[in-house]
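The values are calculated or read from the model by the stated rules, or taken from the named source; none is laboratory data. Keep in mind that this is a model prediction, so the values were computed, not measured. Don't worry about glycine lacking a Cβ; one is built from the backbone with ideal geometry, like all the others, and counts go over all protein chains shown. Only protein heavy atoms, including side chains, enter the accessible area calculation; ligands, DNA and RNA are left aside. Shrake-Rupley method; radii C 1.70, N 1.55, O 1.52, S 1.80 Å.
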Amino acid sequence: MGVEMVQEEAMSSMPPLMSLNHVSFMCRSVSQSVKFYQEVLGFVSIKRPSSFSFKGAWLFNYGIGIHLLQCNTSEENLPKRKGVINPKDNHISFQCSNMKLLMLKLKKMGVEYVTAKVEEEGIQVDQLFFHDPDGNMIEICNCDNLPVLPLSPCRLRR
């Protein structure tokens, strides 16, 4: 009876997830990508398990990890280097407390970006989008300005 209760509870409740742990990106050059994430976004290199048989790096800050993996196969496995920044492309997004300051930093560093604004019921969200050295899209925003409003009854974790 105990096992049945656990199984029933597992099926009816939210999964026991806590947070996003990390994102992983394939890289043409791990060292170039590490430099980018450190200098542009303030990530810090952390120790990664020595049992891995492939080149890579782990970075951490803001409660999230970025795992960079050296691509040793053809370019097909990497995102295409994009000339045009498309905000509708797959991306990872970071919340920012001072968009203007970050825009100045990106300009000084020569990082090309595009901006966008989203407005909902008088609330405005500023967004900026750019690529990492491998073509992965990054968004910086003040999305916390928008309230999180569930469309159906459910428990949300913040």
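All but one of (1) more than 21 Å from Val23 (Cα to Cα); (2) not in a strand (DSSP E or B) hold for Val125; which doesn't?
Of (1) more than 21 Å from Val23 (Cα to Cα); (2) not in a strand (DSSP E or B), only one is false for Val125: (2).
Which members of the range 134-158 meet the condition of being open to solvent by less than 30 Å² (accessible area, probe 1.4 Å), out of contact with any His (no Cβ under 8 Å at 6 or more places or on another chain) and in a loop (DSSP other than H, G, I, E, B)?
Those that are open to solvent by less than 30 Å² (accessible area, probe 1.4 Å), out of contact with any His (no Cβ under 8 Å at 6 or more places or on another chain) and in a loop (DSSP other than H, G, I, E, B): Asp134, Gly135, Asn142.
Considering the range 22-46 alone, what residues qualify as being at pLDDT 95 or above and assigned to a loop (DSSP other than H, G, I, E, B)?
Gly42, Phe43 - these are the residues of the range 22-46 that are at pLDDT 95 or above and assigned to a loop (DSSP other than H, G, I, E, B).
Looking only at the range 91-105, how many residues end up being in a helix (DSSP H, G or I) and over 19 Å from Lys35 (Cα atoms)?
Within the range 91-105, residues that are in a helix (DSSP H, G or I) and over 19 Å from Lys35 (Cα atoms) number 3.
Go through the range 90-111 and give me each residue that's within 11 Å of Glu139 (Cβ to Cβ) and either in contact with a strand residue (DSSP E or B) (Cβ under 6 Å, 6 or more places away or on another chain) or among the small types (Gly, Ala, Ser) (or both).
Once the filter is applied, which keeps residues that are within 11 Å of Glu139 (Cβ to Cβ) and either in contact with a strand residue (DSSP E or B) (Cβ under 6 Å, 6 or more places away or on another chain) or among the small types (Gly, Ala, Ser) (or both), the range 90-111 yields His91, Ile92, Ser93, Phe94, Cys96.
Would you mind stating whether Asp126 is open to solvent by less than 100 Å² (accessible area, probe 1.4 Å) and at pLDDT below 90?
no
Scanning the range 112-123 for residues that are modelled with pLDDT of 95 or more and β-branched (Val, Ile, Thr), which turns out farthest from Leu146 (Cα to Cα)?
Checked the range 112-123; the qualifying residue farthest from Leu146 (Cα to Cα) is Val114.
Is one or more of the residues making up the range 84-94 of a type in the set (Asp, Glu) and either modelled with pLDDT of 95 or more or surrounded by 15 or more Cβ atoms within 10 Å (Cβ to Cβ) (or both)?
Yes: the range 84-94 contains one or more residues that are of a type in the set (Asp, Glu) and either modelled with pLDDT of 95 or more or surrounded by 15 or more Cβ atoms within 10 Å (Cβ to Cβ) (or both).
So which residues in the range 22-69 are open to solvent by less than 30 Å² (accessible area, probe 1.4 Å) and free of Cβ contacts under 8 Å to residues at least 24 places away in the same chain?
Scanning the range 22-69 gives Gly42, Phe43.
Which condition from (1) touching a residue at least 60 places away in the same chain (Cβ under 8 Å); (2) over 20 Å from the mean Cα position of the chain (by Cα) is the one that Ile123 breaks?
(1)
Output yes when any residue across the range 106-115 is surrounded by fewer than 17 Cβ atoms within 10 Å (Cβ to Cβ) and part of a strand (DSSP E or B), and no when none is.
Looking for residues that are surrounded by fewer than 17 Cβ atoms within 10 Å (Cβ to Cβ) and part of a strand (DSSP E or B), one finds at least one in the range 106-115, hence yes.
Tell me, please, whether a residue that is among the polar types (S, T, N, Q) and at pLDDT below 95 can be found in the range 130-138.
So far as the range 130-138 goes, yes, one or more of its residues are among the polar types (S, T, N, Q) and at pLDDT below 95.
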